[in-house]
Structures are given as C-alpha cells and as structure tokens.
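The values are calculated or read from the model by the stated rules, or taken from the named source; none is laboratory data. Quick caveat, the model's predicted, so the values are computed rather than measured. Quick reminder, even Gly has a Cβ in these numbers, built from the backbone with ideal geometry, and neighbours come from all protein chains shown. The area values use the complete protein model at the heavy-atom level, side chains included, leaving out ligands, DNA and RNA. Shrake-Rupley method; radii C 1.70, N 1.55, O 1.52, S 1.80 Å.
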Amino acid sequence: MDYKTLGKNVKKIGSGAFWLCTSLEEIIVPEENKYFVFEDGALYNADKTELIYYVGSHDETEFVIPSAVKKIDDAAFGYNFVIKSVTVPEGVTTIPVYAFAYCTALEEINLPESLEKINHGAFQECVSLKKVTIPDNVKEIERYAFSSCSSLEEFNIPASLEKLGSRVFNGTAWYEAQKDGVLYKDNWFVDVKNADYNSDIIIADGTIGVARDSFYYYNRISAHLYIPASVKYISVPFSRFNNTIIDENNPYYYIENNMLFTKDKKVLISYVDTGAETVVIPEGVVEIADQAFYSAEMKSVVLPETLEIIGTEAFSYCYNLESIVIPEGVTQIKNAAFDGCRKLKEISIPSTVEKLGANVFQGTEWENNLPEGEIYLGNVFYDYIGEMPKGYNLVIKDGTIGVAGLSCMYQFELYSVVIPDTVTYIGDAAFGLCYGIQKVTLSKNLKEIGNGAFVDACGINEIKYDGTKDDWDKIIYCDEIWDEEFLNECCLFYDGEEIEHEHSYSESVTEPTCTEKGEKVYLCECGDKYTEEIDASGHSFTKYESNNDATCVADGTKTAKCDNCEEKDTIADVGTMTPGVHTLTEWTYDYDNMIRTRKCIHCDELQVEELEVEEISGDNFLVVEETVTNGIEGDVEVLKAFDINLKNSEGVHVQPDGS
C-alpha cells in the first residue's frame, strides 16, 4: 500500500486503524471531508488536537508533534522503521497503547511534564532507544511499556508513580545487566529475575512500590513474603502468598485472616485461599479490589453491609461458588466480577447498584438459564437475550438507574432506544456496533456515558435529551465518540428544542437505464434528505452494420445494438437493391430434352441452358455442364456419363451403373 484515500463522508477513524500499514506513504483527505487533515506526514482531526496516525517519509527522521495536539491515538507511530526522534507537546496526558511500538530506529523521545500515564506496550521493541526520562507527573506505567527495548540502559521511575505494570522493563539492556534475584529501580520492586521460586522474599526497607505480577512464578504455599513499613503502592492484582508478613509499622497495609487490606481496612486487596468453604469479609470493607478472590475455592462468601464496589474479576473463576447475596449499598460491580463461576445459580442484586459492568455473570448457571428478551437485574437493564426482531424499539422501563456494559452490543436490528430520566449511567459498549440504531432518547439525569457506549452505532441521526445544554456539558464521557461536531450533525435536542443546524447534503446517484428511471438522493448527516427523479435515457443506436440481405427486387437491412444495453434495432438499408443480380435455385436437369433450368427465388427469372454433349463411342455420351453462380460463368466440370439408349422402367435415362 502506497496511499489511502478517505471518503468524503468519513467522520470517525478508530484507534489503531492503520496498525501494520508499514508501506503507507500518504493519506489523501478530499476537500469535501471536513473531519480530518493530513499535513506534514501526519493525519489529524479537523482542529489538529488529535494525532491519529503518523506516516512520515523515507528521509524524515525527526518529528515534533504540533503544540495544539492534546491526544495521540493508539499505535499512532507503531511500526515506523525510519523515525529517530519524536517530541511530544505539553498538554498530552497519556501515551497510548503501542503508540511507538516497534519503532526500531527510535533513539530519542521527549515527553512532556503534563504526562500522567504510559499505556501498555507503548515503547515495546524500540530497540535503538538508549535513554528515556519519565516526567515527574506520571502516576501509572502499564505492562510491557518498555519491554524488549534491548538498548535501553538509562531510565527513571518518577516519585509521582503509583502503579507499575508487569514486566515493564524486561528485555532492556538494564534488565539484562542485572544479577539474578530481586530487581529494584528508584525504590520500586520491579521484578524477580531467575530466582529460586521456593525461596522467601524480603522486600528491602525503603521500597515504596511493588510492580504487578512481580511474584507470578513463586510457590505461594511454601514461600514467605515480607513487606516493610516503607511500601506505599502495591499494584493490583497482588500475588497471594499463604505466608505474608507486613511490618506492623506499615501505615498503608494490614493483613488479617488471610486477607490483605489497606491500613484503614476499607479496601480488600487480596485473599489467600486456604480451602475454607465459607469466607466472611469483615464489616468496614468498602471495596473489593480487582482479582482479589480470583479462582478461590470457597462455596459461599458473606459480603459486608459497608461494601460499595466489587472490582474487575474480583470473584472470577471461583468454580465452587454457588450463591451470592450482594448487600444494599453496593453501587458498582465492575467487568467480569463473577465471570466463570459456573455453579453460581442464585444471585441477589440490591436496588442501589447503578453501575454494572460487562460480562459480570457470564458463564454462570444463572445466566445460562435466562429466558430470551429484556433482562433486568435489580434496577439495572442487564441484557437482551437472543436477537432483537427487525426494527426493535427498546423502551427501558421507568425506575431503572443503570444500563449494563455490553447489554445490547451487536443487536443489529435495534432501531431506537428510550432511556428514562431515572437512569444515571450507561455502561461500556452498551449499544456498541448497533448499526441499525437511528434514534436515541437520553435521561436528563444522566451523569456518565461509558467507554464506547455507542461505538460504531453509525446510523444515529437523532438524539433527544430533555436536560439543558448546561446539564449536557456536565455529563462524563469516558471517550470522545460524541464530540461536538457529531452532536451538531445528528440533530441533538436540548430540553425539547432542536439546536441550530445547517444542512450539508451529500449526493448519491442511481443512474437511469434505457427503460427505467433513476434518482438523485441528497442526504444530510442529520438524516434529512430529498430526492430528484431522473428520466429514463432511452435506447441509443449509433453503429449499424449491414445484414447483407439485399435482393434483385428489394433493399437489404442493417442492425445495431444499443450503446447501453443488449437491445437490438433493425432498419432498411436504403439503396442496396441489386437489380439483375439474382439468387438462383440449384439446376434441374432434363435429359430427355438435353436441357437444364433454374430460377431466381425472388423474381421468378428463369434460366434455361442446353446440355452440351460429346460423343465418346457408339451411343455413349458424356454430358458436360457449365457451373453458374449469380449469373457469372464458372468453371466447366464433368456432370454425368451415360448411354443415351439406356432407360429405366420409367423411361428415364440412366448411367451404365444404373444410377
């Protein structure tokens, strides 16, 4: 691929859309497209606040991202083998997933002080990168961010860091230069390299943070883990050891009854599975952290009345868990919290839950036995089981306070959805990939719209919102699928009144045929359209060819095929009559009178010729004829030899052989 041309109506490009387009040299944006700009080797949104993809050139090795850019898309520079230096401007807060992954020539990256997060794999396999300075404002570095940067020798972990993902620096020159054992960097416990995984781990005093999955390979039954008083940040999920000891002077963490808590006992970080059938979580716990009970073997768990949040995969794959009673006061259950709990058949959800993530009860006996149709769980619209009928209008019932993640994803026949004013939250991808949805009515009390809640629901042309413009501006978006341009184009109504909208029509033409009418459709992205009829074009016959059928008494004909279809037309080929040129029948021979005759098939013109004979011997004669074609004399040829005296029983002359 050398270039890519965007359609004039393309208004959204997903993150990573050009991932692995390594031979792309240019992205052509037509003048009619008002959503994107391609400039200096990079594709931006219209106001250049978002860098979507960097193409560069074969000889351009340095790039300074324009100062207006506040967002960089996933994989924006990924697999660029030429770029050596990139400067990221102030205002950018996140380096996204695989942003510079596999930029094998990259030697220098200048990061802004505004940066807060480096996502997973952001600089993975940047094998020429030797040094990186991570700004002091960065709070989180996700897994594999700098993994396999084989030349990376110098880097820092800023004092601001609170979360460090797994294997962030594995495969770097720094990592390979370290001795086997526990690895530290700037007071962070980074990893364990080629250790005796049955041995105890004593985290050094002065360590302030522990990276995620640092103890992944350890024997958690026999090994002991000692956490000093200085450790402030433990990246969850935290590996569970049967023997975990925390310095009593640690102001941040506390362990009791095989459960690791924050010091105030409000967050349960992890549970060490001891094989108990019932686990009782103590009162005072407000949150159960991600994967805290992942694959634990208990049959039941008693949750505290103080609980408010259940984390992602908190109880996933607890195969023996049979029932769960979630107490009043819980407001959020995150993605896949009970995913894979295949024996779980009794579920009780309180009316207080307003945020229900995606796949919360996937793979449970409870979910597997749900009937088809709309499913509500507590006061949350949980799912639609089965396929919606064509043109389905979903009216979520009054009193519902939340819409679960993925609840209607891939429901292609969904036409409209009405979300009542009681709803405050719409979950991640709730209506994602609902290609047929056109009309949306939103709650005026809506507070948050999750990631990709309406992603690729590209048919939406009308959004009604009963709140005011000020109310709308207070809603939290977890992404930017509904930016101001989109909302202006699809007729957003505030407080029952449509905001001012200027139609901008694109044309699509159905060409007429020779016999059928065509049409021209003018369509605005808000859904407004009008149509103009185009008359049928009629046949066009321009290339006639003679049929070579003229005769001595009439003109011939000529035929043409329509220039646009297979229809044919035949007309007289005037002036082609051939008087005197006859089309003659075969000769008829009269041997009694020694003549032959034939006539024209069109005008009955008769031709009579005597047969010329030559005596051979006695009464034997050789009859000779002249071959005539269309009245023109031809070659002489032998016709028959016969005895003039030989006749058959009917008196007809015959040849000596009787024929």
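Quick notes on this structure:
- The stretch 404-464: mean projected area of Cα convex hull, nm²: 3.4 nm²
- Each part gets one Cα centre, and for the stretch 301-317 versus the stretch 254-277 those centres are 12 Å apart.
- Largest accessible area first, the residues I601, I201 order themselves as I601, I201 under a 1.4 Å probe with ligands, DNA and RNA left out.
- Charge-dipole axis of the chain as Lys and Arg at +1 and Asp and Glu at -1 on Cβ define it, positive-most pick from G329, H120, A105: G329
- Taking only the alpha carbons of the chain, we obtain Rg and Dmax values of 43.9, 151 Å in that order.
- Largest to smallest principal axis extent of the C-alpha atoms in the stretch 368-429, angstrom: 27, 27, 20
- In terms of overall dimensions, the stretch 11-145 has a Cα radius of gyration and Dmax of 14.0, 44 angstrom.
- Spherically averaged projected area in nm², based on the convex hull that wraps the Cα atoms of the stretch 102-173: 3.9 nm²
- Antiparallel DSSP beta bridges within the chain, as percent of all bridges there, nearest 5: 50 percent
- In a fully extended conformation the segment linking C458 and I385 would gain 24.0 nm over its present Cα-Cα distance, using 0.36 nm per residue.
- Basic side chains Lys and Arg get +1 at the Cβ, acidic Asp and Glu get -1 at the Cβ, and with that the dipole of the chain about its Cα centre reaches some 4320 debye.
- Whole-number percent relative contact order across the stretch 71-198, with pairs defined as alpha carbons under 8 Å at least 6 apart: 17 percent
- Site pair E113 and D180 shows an inter-label distance of 4.5 nm when each label is modelled 7 Å from Cα along Cα→Cβ.
- Near H539, once Lys and Arg are set to +1 and Asp and Glu to -1 for all other residues with Cβ below 9 Å from its Cβ, the sum equals -3.
- Of I95, V37, V521, farthest towards positive along the dipole that unit charges on Lys, Arg, Asp, Glu beta carbons give the chain: I95
- Where only DSSP H runs of four or more residues are counted, the chain gives -500 deg cm²/dmol as its mean residue ellipticity at 222 nm, each run worth -39500 (n - 2.57).
- Working note: Karplus 6.51/-1.76/1.60 with θ = phi - 60° gives the stretch 386-399 the couplings x, 9, 5, x, 4, x, 5, 10, 8, 10, 6, 5, 4, x Hz, where Gly and Pro are set to x.
- Out-of-range pairs (alpha-carbon distance over 29 Å; input K131/K163; K8/K474; K130/K179; K139/K469; K131/K179): K8/K474; K139/K469
- With 5 Å bins from 0: P(r) over the stretch 243-353, alpha-carbon pairs, percent: 3, 13, 23, 27, 20, 9, 4, 2, 0
- Apportionment of accessible area to carbon and sulfur, the chain, percent (1.4 Å): 45 percent
- Once you reduce the stretch 45-73 and the stretch 149-164 to the center of their Cα atoms, the two points are 25 Å from each other.
- Neighbourhood net charge (12 Å Cβ-Cβ; Lys/Arg +1, Asp/Glu -1) for D555: -1
- Rounded, prolate or oblate (a/c below 1.5 giving rounded, otherwise prolate when a/b exceeds b/c) for the stretch 339-402 by Cα gyration tensor: oblate
- Cα pair count fraction exceeding 12 Å, expressed as % - the stretch 322-361: 57 percent
- Added length on full extension, which subtracts the Cα-Cα distance from 0.36 nm per residue, L20 to S295: 95.3 nm
- The charge dipole of the stretch 1-140, taken about its Cα centre with unit charges on the Cβ atoms of Lys, Arg (+1), Asp and Glu (-1) only, comes to about 420 debye.
- Unit charges at the beta carbon, dipole of the chain: most positive-side option, S67, S351, N547: S351
- In summary, the convex hull built on the alpha carbon positions of the stretch 294-443 has an orientation-averaged projected area of 8.0 nm².
- Nearest-10 value in Å² for the accessible area of K263, using the 1.4 Å probe: 80 Å²
- What the pair-distance distribution of the stretch 142-228 shows, using all Cα-Cα distances binned every 10 Å from zero, is 17, 52, 28, 3 percent.
- Tensor-based shape of the stretch 18-90 (alpha-carbon gyration tensor, a/c under 1.5 rounded, otherwise prolate or oblate): oblate
- Long-range amide H partners of Y253 with built H, under 5 Å: K263
- Counted residue by residue at 0.36 nm each, then reduced by the alpha carbon distance between them, the extension gain from N9 to S348 reaches 117.3 nm.
- Solvent-free Debye calculation, one equal scatterer per alpha-carbon of the stretch 538-613: log10 I(q)/I(0) at 0.15, 0.27 Å⁻¹ equals -0.65, -1.10.
- Using a probe of 1.4 angstrom and keeping all protein chains present, the accessible surface of the chain works out to 50 square angstrom per residue.
- Antiparallel bridges, percent of DSSP beta bridges restricted to the stretch 248-306 (to nearest 5): 60 percent
- Over the stretch 86-218, the fraction of Cα-Cα pairs per 5 Å bin, rounded to whole percents and listed from the shortest bin up, is 2, 11, 20, 25, 20, 12, 6, 3, 1, 0.
- In this Cβ point-charge picture (+1 for Lys and Arg, -1 for Asp and Glu), the stretch 65-216 has a dipole of about 280 debye about its Cα centre.
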